[in-house]
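Accompanying notes for the structure given below.
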Amino acid sequence: MRFRRALVVAAVPAALLCFPLLHLALALVNFGLHLVVLGFQWVACCLPRIPITRREDTGEEPFVSIHVPTHNEPPEVVEQTLQALVKLKWTRYEVLVIDNNTPDESVWRPVEELCRRLGPQFRFLHVEGLSGAKAGAMNWARPLTDPRADFIFVVDADYVVEPDALQVAFSYVTDSRIGLVQFPQEYRNTGPENLGLSLDFRHFFAGYMNLANRLGCVPSTGTLSLIRVSALESVRGFNTGVITEDTDLGYRLAVQGVRSVYAHRVIGRGLMPHDLESLKRQRWRWAFGNAQILKLNWRGLLMGRELTLRQKAGFLIHLTAWFNFNLLPSLTLILIAPLAALGWMHPYHPYLAVLSGFTLTTFVALRFGTLFYSLRHEGHGLRGITLAFLTHLGLGWIFAASWIRCLIDHQSPFLRTNKFLTTAVPGLVRTTLIEAALGIGLLAASVILTLNDFFIAPIAALVFGV
């Protein structure tokens, strides 16, 4: 398998060098997709926020089944989550702690004991040998849910919710057509050291989820999600065939005509990844999982009649939110630079160099614009926005490679975000070396191309017609 991948990696640059016309065609397609995706995202983040209808508290309490899926979570982290649920200002609810495939009993037994101490409202469910990761565990637990439950409230194992979380959530359930109410993900382990990462998370909810309300394409984001049981049953539960089952749920609910809303109000806070390897795994899962959904549902998104044109556009923007199209232009500059230094140039190569440089330049401008407009609306300053932008750039390999990998093979294991403070980092070393090599190569290529006369002539020809 590794040998085959190495052959593919070697064959791609060779094909680009041997077939310059094909290379140019791919670069043009890549540039077009890049402009369309980033352009729509920039417009989306500039839109003013629309108010979401709420209702007054009627005093009614629908029965809620709170699902807390866990897998190999630190017991002390889960304990904080459960102790917060004890303090909910709500009487008619149960809590199902759904532990799937945790191999070490010393990890899950303390949580089981805590549930026993907290009383009959808290039930601990442990299952082994279950496939489908989080989606599979949630589906497995559904028949075990109290039959009185009209709603399921999903809370990830590291989230500490506010005492009035359910009152706030139900204030947005204004009619029976609403099947999903989604709240933003916020974090409690933030500080000056990870401000950029925190704001990079936040810009998604400040910009993209506002767009989702406007276009009727609100996805679930995996936690702090209030889901109507009948709506979940109408789509036969969570999809175990994708690794972002939450986003997929929002898409399938929309196809069924179920209304979903996003409420831009913090009702709970979780934990950001403690280490770089976990962060990369998390972002890979988000980007690759969204690419999976696109690949598996492209016919419905482009030609289906279940969604309106506005919804289709909204889901396309959402599902590409974590993509970038910088791998091909970066590789192009790295490949062409040695040829320029040696004087072995094909007539198409100067235009490829100009197009690649323009692609990377417009990426910087448009990506910074999306972060700027979404975060300025939230009151954040230029320093924080710049840190968020640099953080986003630092994950560029993940966002550039994930969707291409999905085009080749859309099967991928679920990559859990580690909550323990220590972790092995073999993957981190490998991907960091790749990123460093690409960065050094791109820097060297930029210097070589800038100093070569051939780089000036095409620009003059394109701009001035000389």
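Residues of the range 27-59 being of a type in the set (S, T, N, Q), closer than 30 Å to residue 168 by Cβ and open to solvent by less than 30 Å² (accessible area, probe 1.4 Å), which ones? Step through it out loud before you land on a result.
First, the residues of the range 27-59 that are of a type in the set (S, T, N, Q): 30, 41, 53, 58.
Now drop any that are not closer than 30 Å to residue 168 by Cβ, which leaves 41, 53, 58.
Within the range 27-59, just 41 meets the criteria.
Among the numbered conditions (1) farther than 21 Å from residue 264 by Cβ; (2) surrounded by fewer than 17 Cβ atoms within 10 Å (Cβ to Cβ); (3) modelled with pLDDT of 95 or more, tell me where residue 95 comes up short.
Of the numbered conditions (1) farther than 21 Å from residue 264 by Cβ; (2) surrounded by fewer than 17 Cβ atoms within 10 Å (Cβ to Cβ); (3) modelled with pLDDT of 95 or more, the odd one out for residue 95 is (2).
Is it fair to say residue 259 is out of contact with any helix residue (DSSP H, G or I) (no Cβ under 7 Å at 6 or more places or on another chain), open to solvent by 50 Å² or more (accessible area, probe 1.4 Å) and modelled with pLDDT of 95 or more?
Details: out of contact with any helix residue (DSSP H, G or I) (no Cβ under 7 Å at 6 or more places or on another chain): yes; open to solvent by 50 Å² or more (accessible area, probe 1.4 Å): yes; modelled with pLDDT of 95 or more: yes.
Taking the combined requirement at face value, the residue satisfies it.
Only one of these is open to solvent by less than 10 Å² (accessible area, probe 1.4 Å), within 18 Å of residue 407 (Cα to Cα) and modelled with pLDDT of 85 or more: 327, 319, 302. Name it. Give the steps one after another, and end with the answer.
Values: 327 fails: open to solvent by less than 10 Å² (accessible area, probe 1.4 Å); 302 fails: open to solvent by less than 10 Å² (accessible area, probe 1.4 Å).
After applying the criteria, what remains is 319.
Considering each residue of the range 74-104, count those that are in contact with a strand residue (DSSP E or B) (Cβ under 8 Å, 6 or more places away or on another chain) and charged (D, E, K, R), and give that number.
3
Consider only pairs whose beta carbons are under 7 Å apart and that are at least six residues apart or on different chains; among these, list those whose first residue lies in the range 161-174 and is aromatic (Phe, Trp, Tyr) and whose second residue is not in a loop (DSSP other than H, G, I, E, B).
Sorted first by the residue in the range 161-174, then by its partner, the pairs are 172/181; 172/261.
Would you check if residue 238 is of a type outside the set (Gly, Ala, Ser), part of a loop (DSSP other than H, G, I, E, B) and either at pLDDT 90 or above or crowded, with 21+ Cβ neighbours inside 10 Å (or both)? Before the answer, list the steps.
Working: of a type outside the set (Gly, Ala, Ser): yes; part of a loop (DSSP other than H, G, I, E, B): yes; either at pLDDT 90 or above or crowded, with 21+ Cβ neighbours inside 10 Å (or both): yes.
Criteria met by residue 238.
Can you find a residue in the range 111-128 that is at pLDDT 95 or above, polar (S, T, N, Q) and surrounded by 19 or more Cβ atoms within 10 Å (Cβ to Cβ)?
No, because not a single residue in the range 111-128 is at pLDDT 95 or above, polar (S, T, N, Q) and surrounded by 19 or more Cβ atoms within 10 Å (Cβ to Cβ).
From 332, 361, 320, grab the single residue that is in contact with a Phe, Trp or Tyr (Cβ under 9 Å, 6 or more places away or on another chain) and of a type in the set (Val, Ile, Thr). Spell out how you get there, then give the answer.
On the way: 332 fails: in contact with a Phe, Trp or Tyr (Cβ under 9 Å, 6 or more places away or on another chain); 361 fails: in contact with a Phe, Trp or Tyr (Cβ under 9 Å, 6 or more places away or on another chain).
That would be 320, the only listed residue that is in contact with a Phe, Trp or Tyr (Cβ under 9 Å, 6 or more places away or on another chain) and of a type in the set (Val, Ile, Thr).
Is there a residue being open to solvent by less than 40 Å² (accessible area, probe 1.4 Å) and modelled with pLDDT of 90 or more anywhere in the range 333-351?
The initial filter retains those residues of the range 333-351 that are open to solvent by less than 40 Å² (accessible area, probe 1.4 Å), namely 333, 335-337, 339-340, 349-350.
Checking the rest, the ones that are also modelled with pLDDT of 90 or more come to none.
There is no residue in the range 333-351 that is open to solvent by less than 40 Å² (accessible area, probe 1.4 Å) and modelled with pLDDT of 90 or more.
Among the residues of the range 46-66, is there at least one that is closer than 29 Å to residue 314 by Cβ, more than 25 Å from the chain's Cα centre (by Cα) and polar (S, T, N, Q)?
There is at least one residue in the range 46-66 that is closer than 29 Å to residue 314 by Cβ, more than 25 Å from the chain's Cα centre (by Cα) and polar (S, T, N, Q).
Name the single residue that is farthest from the chain's Cα centre (by Cα) among those in the range 173-183 being modelled with pLDDT of 95 or more and in a loop (DSSP other than H, G, I, E, B). Full working, then the answer.
Pass one, the range 173-183, residues modelled with pLDDT of 95 or more: 173, 178-183.
Remaining after also requiring in a loop (DSSP other than H, G, I, E, B): 173, 183.
Working: 173: 26, 183: 15 Å.
The qualifying residue farthest from the chain's Cα centre (by Cα) is 173.
For residue 295, are the conditions met, namely being of a type outside the set (Val, Ile, Thr), touching a residue at least 40 places away in the same chain (Cβ under 8 Å) and touching a His at 6+ places or on another chain (Cβ under 6 Å)?
When the stated conditions are applied, residue 295 passes them.
Among the helices (runs of 4 or more DSSP H) contained in the range 1-110, which hold 1 or more residues that are of a type in the set (D, E, K, R)?
Numbers: elements: 2-18, 20-46, 75-86.
By residue number, 2-18, 75-86.
Would you say residue 309 is touching a residue at least 24 places away in the same chain (Cβ under 8 Å) and surrounded by fewer than 19 Cβ atoms within 10 Å (Cβ to Cβ)?
no
Could you list, in sequence order, all residues of the range 147-179 that are open to solvent by 30 Å² or more (accessible area, probe 1.4 Å) and among the charged types (D, E, K, R)? Give the derivation first.
Going through the range 147-179, the residues open to solvent by 30 Å² or more (accessible area, probe 1.4 Å) turn out to be 147-148, 150, 156, 160, 162-164, 167, 174-177.
Correct list: 148, 150, 156, 162, 164, 175, 177.
If only one of 358, 368, 372, 288 is modelled with pLDDT of 90 or more, in contact with a helix residue (DSSP H, G or I) (Cβ under 9 Å, 6 or more places away or on another chain) and open to solvent by less than 30 Å² (accessible area, probe 1.4 Å), which one is it?
One residue alone meets the criteria, 288.
The values are calculated or read from the model by the stated rules, or taken from the named source; none is laboratory data. Just so it is clear, the model here is predicted, and its values are computed rather than measured. Using ideal geometry, Cβ is built from the backbone for each residue, glycine included, and neighbour counts are taken over all protein chains shown. All accessible areas refer to the heavy atoms of the entire protein, side chains included, with ligands and DNA or RNA removed. Shrake-Rupley method; radii C 1.70, N 1.55, O 1.52, S 1.80 Å.
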